[in-house]
Each structure stands twice: as structure tokens, then as C-alpha cells.
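Working notes, structure below.
The values are calculated or read from the model by the stated rules, or taken from the named source; none is laboratory data. Predicted model only: the values in this text are computed from it and were never measured. Glycine also receives a Cβ, built like all others from the backbone with ideal geometry; neighbour counts cover every protein chain displayed. We work out accessible area using only protein heavy atoms, side chains counted, and drop any ligands, DNA or RNA first. Shrake-Rupley method; radii C 1.70, N 1.55, O 1.52, S 1.80 Å.
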Amino acid sequence: MCGIVGFVGRRDAAPILLEGLSKLEYRGYDSAGLAVRDSTGNFEVVKAKGKLKELFDKTDSGKALHGTMGIGHTRWATHGEPSETNAHPHISGMDVKDSDIIGVHNGIIENYMEMKTKLLRKGYKFYSDTDTEVLVKLVDYYYKKYKCPPCEAIAKTMVRVKGSYALAVMFKDHPDEIWAARKDSPMIVGISDNETFIASDVPAILKYTRNVYYVDNMEIACLKEGSAEFFTIDSEPIEKELVEITWDTEAAEKGGYEYFMMKEIHEQPRAILDTLNSVIKDDGDSKKIDFSGIGIPDEDIKNISQIYIAACGSAWHAGMAAQYVIEDLARVPVRVELASEFRYRKPILDKNGLVIIISQSGETADSIAALREAKEKGVKTLAIVNVVGSTIAREADYVLYTLAGPEIAVATTKAYSTQLIAGYLLAIQFAYVRGMIDDEKYAYYISELYALPDKIEKIFETKDKLQWFAAKFVNVHDVFFIGRNLDYAVSLEGSLKMKEISYAHSEAYAAGELKHGTISMIEGGTLVISVLTQPELFDKTISNMSECKTRGAYLAAITAYGHYDIEDTASFVSYVPTADPHFMGSLSVIPLQLLGYYLSLARGLDADKPRNLAKSVTVE
Ligand code: F6R
């Protein structure tokens, strides 16, 4: 996601900050900024929308700013459009000259609206749409109210805010100090002779030092020239061990993983949690989905006659899963279409219908065209998009953002997983508003969603077994993925993951459809991977597996713990935890992503950059 760099030392800070930010470009960003404290104690702030080059140009590669202490940031928009105003650093006042505190932040402050309302009551004014401005102003508020040291003001802020953050702030009346705090968002402090650095990620400072402290959750750090101190939230000092980084820059960017794809697979629990937290509000007694930020009124939800989902590739697969869940829970008819087909088939759309466009990038040409087609026909549109400010996000009537963060590997994993979550959220809320589920069921579904991240972590414990299986089938030619209902939707994604990064030929079929033609392809040694997570359809899929087995197929299965009788039929089984059947796709897809990844690895391919593919398909 966003990137943070900070420096305090004896050299000019700006060139070091820019160099550090450029090492974080791989994480994706839409704007950048830096603040330097000059010798008179004043802050100088420069921000730019777009590429870092803009910031380099505006500051003459940093040479135009003088001062030996500063903080820098690359922003990936989550609250508010990508713009110079929303870019970090953010200030405690309305003007840099009148501001006593300036800060940068990674992560998401979930209760920022509540905090903003409180600060507005106290007379604070806001110039941006960001949660970060709220965070900086909250530190300022406590700092002044209690006339306390920075450590205490930050601690009081940490107690009040919910969410994840890595925060770096400078206080006007504490020269030569940078303060930092962290919860669930990485942060390191680097030390070298007379110089101290702060960064959200190791590559930013590797050029200057390999000696770092890892800031842990709910810890506060104070950086001074050549030294750093660490504190608990109660201002108790913490002793920390200096760690020597032995990786090179490229390995550091990947967080120790061999490929970004694996890193992103592991980021899925966090991405899901962030997406849930962005629309689910906890009022103390219960959790409720709050679509007020999306703007779709309950009256409109009640009147929807038909939903049309248009998307491409994996986003279309997420739409397939959403179709099953929305129809089952909300009882609204859903039709899912490939955007490239939808745009040209002169669709007949009901005026009370809702067209949902799903897209990670928000820039896919066919999906944009499908959106425009729907708008031209006067039908309301809702976008499920990952990139804030993208074309689809800007043009749709309503936007539900996924909070996967930037995805670097071409093959999507974490964005797809958050698209599934967005589909579930719509299904649950539409069902509730339309009176299809009661309070008890509503609370149950929401709690099941919150249980998914930990269950995904559990699946990661089975990685070795999946890697062994992929190695065994390294020379496989044909793979068939089968499943019924939601398991079919997930099979489509499993098959695409495998073919796009390992180049093994694979197809996904609705299990009941095989014998209408494709079963003629099954012969000795053909690999058939079945997904069985829907209790009502378990036996039906087993029958289809048996039909393949009698024709010589090697059977593998993905199912939930407890269904051990599957081992009578399948030769290899990967188990996942149990969840409500509507949400099982979020679990069964994980072993499928891992299988595709490990097959690519076993074949010596580059999992991040498969041949012939682009991350964002902006042409037809
Ligand atoms: C597959 C993959 C693609 C995208 C598709 C749509 O791993 O990433 O199939 O899902 O190109 O892209 P977006 O979601 O950006 O519209």
C-alpha cells in the first residue's frame, strides 16, 4: 500500500527521502509528498499527484529543500480521490505555517468519521477527505489539551482510533525528533552513524543502513540523530534488539517471499479484514453493514428488480460467486456476463435493474464499455473497484471499494478475494433490507465473514502438502477442475490461476456438465481437481468424480475438514476449515491459488509476470 520514509541526521533530508520513496514505488501509489523541517524550525511541504518524478521535478531532486530532518510518503488512495490535497504529509492546522504537527500514515483509520465529528465540534477545520488528516489533528488535540509530551499525545490517540496504522509525525516544538507509532501496519527504524531512518519497508533505507529495529504493534518510537527510543502505550521504555538485514533489495521488496504473488496470497487475510471494516460499523452492541459511504439508498435496494453483473477474467469469476450468494440470500435474480459480450449484445435492461461492474484496476476497457452501455440505458450502476479514482470508480453511480491494496503480480489473488467479500456484503445487506433475513441471521452472516481471515491463515499451514502435490504433477498436460454451484464458480478461478501462470492446459466445468461431452477427454492419468464445499451437493459431485475415476483420471479434491470419506474416492485431498456454505469459496480458492503458484514454481516460471499477459487490460 502506501510507503513511509523518515530521516533525521546531519545531511539534507529531502534527497534521502526521495531516494527512499523511489525504492517503495513497487508497492503502487497515486501521489507523493514530503515535509522537511528547516534550520529555523519551519516545515516545508511539497506534494504532487501522479508519479514520483513530479515530486523530483518540483523539488529539483530534493535540492530545493534544506533541512536535516523530514518525512515522506507515497499514497495509495483509500479515503478520498488521488489528489495533491489528499496526498500526505498532513498538517494539524489549515496552513503549514500555523501547524504544530505534521504527519504521514499508512493503513486505515476505521472510526475516522467519528473522530472527525468530535474534532469539528472542538473547532478543528479540515481541508482533505483523508483519515490521515483526522489522525494528525487528533494527536494535535491531545497534545494541546493535556499539554503532555509527544509520547503521551500519541498514546492517547492510539487508544481512541480503531484500525491499522504506521504513523510518523514531527512536532514543531520538538526539534530533531521524529515520533512514530504502529498497529498492524509494518514499520522499521534504521540506525547508522549519526543518522536515523524510519520506513514502512526495508528497501527504502537499505542503501543507508542494514541495522534496523522492528517496531511492534502498539509501540511508539522516538527517533533522534543516530539513536532511537521505544515506548509502550503507557510510556514505559522498551529495550529492543538491533537486527541486521542480510537480504538484497529485490528480496526485501517481496518481504522475503520469492514472488509478489506469494506475498499477495499471504496478504489476503488482512485485505479481507480491511474490506470488511471499511463498511461494517460496530455500534457497541452489534455490527452492521453501513452502505452510506456507497450512497445507495435502502429504497433503491428494495426496488431492485434484477441484477446484472459484468466483468472480465477473475473479476467475472467473483461475479459468478456473487450470483449464487445474492440470489440465495436476497432472492433477487442475477445474471452474470462477460463485459466483452455484454457491451455488444444490445442488452435489454430493466429500468429498475442494477448493473454491477467488478474490476480490480477500474481501467479494463471492456468493463468500462459495459458500464457506459448500462448508463446510456438509464440503469443504475454500482462498481466494485480496488483502485480509488479509476475510470470505473469515477463513472459509476455507486462505488464499493475493495481494500486489497496495490496488486503487483499479474495474476490476481488478494483483489479477487476482496471482490468475493464485496459480493457477500451486497448479498447480506440486500437480503436484510429486503426483509429476507432477520437480525439473528444477519448477525450470524457478519460473524462468519469476520471468521474468514483466521481460517485462511490456517490453510497456509497446509502449503507444504500442496507444494509436494504440484511437484508430483510438474509435467501434467491437462487438468480439469470440477464443482457444482459455488464450487463451480471457484473452480473457474482455480483453473485460470493454473493456466495463466503455469501454462498447463486446464478447464473448469460444472461437474454435472462433464458427461455432456468433455468426459471424452478423460483418459489414464488426466488430473481432475474437484471442489466440494456445498453440503447439499457433496454426493452429486462425488458421483461425477467416480465417473472420471473409472476412465482412469487421477482425482484430487478440495473439501472441508470432517468430510474424510472423500478419501475413499480421491487420491489427494486438501482440507480447509468449515464456514457458512455461502462463503466457502473464500477458503477453497486458497489451495487452488497455491497449486497454480507451486506448479509455476516447479516449472521454473516467473509467477509474477506470465507470458502474453498485462496487469491492466486497457484495450479491447
Ligand atoms: C487473472 C486476472 C485477470 C483480471 C481481468 C480483469 O488473474 O487478473 O483475469 O481479473 O483482466 O481485470 P480487472 O479486475 O482489473 O478489471
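Data for the structure
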| item | result |
| --- | --- |
| Positions within segment 118-147 being in a helix (DSSP H, G or I), open to solvent by 10 Å² or more (accessible area, probe 1.4 Å) and among the basic types (K, R), in sequence order | K118, R121, K144, K145 |
| Residue satisfying all of: in segment 175-191; within 23 Å of the chain's Cα centre (by Cα) and among the small types (G, A, S); surrounded by the fewest Cβ atoms within 10 Å (Cβ to Cβ) among these | S185 |
| Of residues in segment 106-129 being at pLDDT 95 or above and closer than 24 Å to A48 by Cα, the one nearest to the chain's Cα centre (by Cα) | S128 |
| G525 vs. criteria under 14 Å from V476 (Cβ atoms), small (G, A, S) and open to solvent by 10 Å² or more (accessible area, probe 1.4 Å) | yes |
| Of the criteria (1) open to solvent by less than 10 Å² (accessible area, probe 1.4 Å); (2) at pLDDT below 95, which one T246 fails | (1) |
| Residue in segment 419-428 that is touching a Gly at 6+ places or on another chain (Cβ under 8 Å), within 16 Å of the ligand (Cβ to nearest atom), under 19 Å from M261 (Cα atoms) and open to solvent by 20 Å² or more (accessible area, probe 1.4 Å) present | no |
| Residue that is within 22 Å of R27 (Cα to Cα) and open to solvent by less than 40 Å² (accessible area, probe 1.4 Å), where the choices are E264, E258 | E264 |
| Members of segment 26-37 found to be out of contact with any Leu (no Cβ under 6 Å at 6 or more places or on another chain) and either open to solvent by 20 Å² or more (accessible area, probe 1.4 Å) or not polar (S, T, N, Q) (or both), listed by number | Y26, R27, G28, Y29, D30, G33, A35, R37 |
| Residues being open to solvent by 10 Å² or more (accessible area, probe 1.4 Å) and in contact with a His (Cβ under 9 Å, 6 or more places away or on another chain) - total across segment 148-166 | 1 |
| Checklist (1) more than 16 Å from F481 (Cβ to Cβ); (2) assigned to a loop (DSSP other than H, G, I, E, B) applied to A570, failing item | (1) |
| Condition met for S286 (out of contact with any helix residue (DSSP H, G or I) (no Cβ under 8 Å at 6 or more places or on another chain), open to solvent by 10 Å² or more (accessible area, probe 1.4 Å) and either away from the ligand (no atom under 16 Å from the Cβ) or of a type in the set (G, A, S) (or both)) | no |
| Positions within segment 451-471 being of a type outside the set (A, V, I, L, M, F, W, C) and either modelled with pLDDT under 95 or closer than 16 Å to T559 by Cα (or both), in sequence order | K455, K458, E461, T462, K463, K465 |
| Among (1) open to solvent by less than 10 Å² (accessible area, probe 1.4 Å); (2) in a strand (DSSP E or B), the one test that I392 misses | (2) |
| Any hit, segment 124-145, residues being on the phi > 0 side of the Ramachandran plot and not assigned by TED's automatic domain parsing to the domain that holds T275 | no |
| Selection count, segment 231-246, where residues are without any contact (Cβ under 8 Å) to a residue 24 or more places away in the chain and outside any loop (DSSP other than H, G, I, E, B) | 2 |
| All positions within segment 38-56 that are touching a residue at least 24 places away in the same chain (Cβ under 8 Å), out of contact with any Pro (no Cβ under 9 Å at 6 or more places or on another chain) and open to solvent by less than 30 Å² (accessible area, probe 1.4 Å) | A48, L52, L55 |
| Residue list for segment 367-377, filter: more than 15 Å from the ligand (Cβ to nearest atom), open to solvent by 10 Å² or more (accessible area, probe 1.4 Å) and in a helix (DSSP H, G or I) | E373, K375, E376 |
| Options F43, F56, F7: the member that is out of contact with any Ser or Thr (no Cβ under 6 Å at 6 or more places or on another chain) and closer than 18 Å to S128 by Cβ | F43 |
| Of residues in segment 386-401 being within 10 Å of the ligand (Cβ to nearest atom) and at pLDDT 90 or above, the one farthest from Y259 (Cα to Cα) | I392 |
| Residue in segment 78-91 that is open to solvent by 20 Å² or more (accessible area, probe 1.4 Å) and part of a strand (DSSP E or B) present | no |
| Criterion (more than 16 Å from the ligand (Cβ to nearest atom), of a type outside the set (S, T, N, Q) and either closer than 26 Å to A404 by Cβ or in contact with a Gly (Cβ under 6 Å, 6 or more places away or on another chain) (or both)) met by exactly one of K351, K380 | K380 |
| Unmet requirement for N303, which otherwise passes all of (1) at pLDDT 95 or above; (2) surrounded by 17 or more Cβ atoms within 10 Å (Cβ to Cβ) | (2) |
| Test: residue in segment 577-594 that is farther than 30 Å from I272 by Cβ, away from the ligand (no atom under 16 Å from the Cβ) and outside the structural domain of T418 (by TED's automatic domain parsing) | no |
| Residue count for segment 59-77, restricted to those that are buried (at least 20 other Cβ atoms within 10 Å of the Cβ), out of contact with any Ser or Thr (no Cβ under 7 Å at 6 or more places or on another chain) and among the basic types (K, R) | 0 |
| Any hit, segment 448-465, residues being exposed (fewer than 15 other Cβ atoms within 10 Å of the Cβ), touching an Asp or Glu at 6+ places or on another chain (Cβ under 8 Å) and under 30 Å from D328 (Cα atoms) | no |
| Matching residues, segment 207-230, being assigned to a loop (DSSP other than H, G, I, E, B) and within 16 Å of P186 (Cα to Cα) | V215, D216, N217, M218 |
| Within segment 195-224, considering residues that are modelled with pLDDT of 95 or more and acidic (D, E), the one nearest to E19 (Cα to Cα) | E195 |
| Filter pass, K97 being on the phi < 0 side of the Ramachandran plot, open to solvent by 10 Å² or more (accessible area, probe 1.4 Å) and not in a helix (DSSP H, G or I) | no |
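A quick yes/no check of all residues on (1) more than 16 Å from the ligand (Cβ to nearest atom); (2) at pLDDT 95 or above:
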position	(1), (2)
Q268	no, yes
S278	yes, no
I296	yes, no
Y324	yes, yes
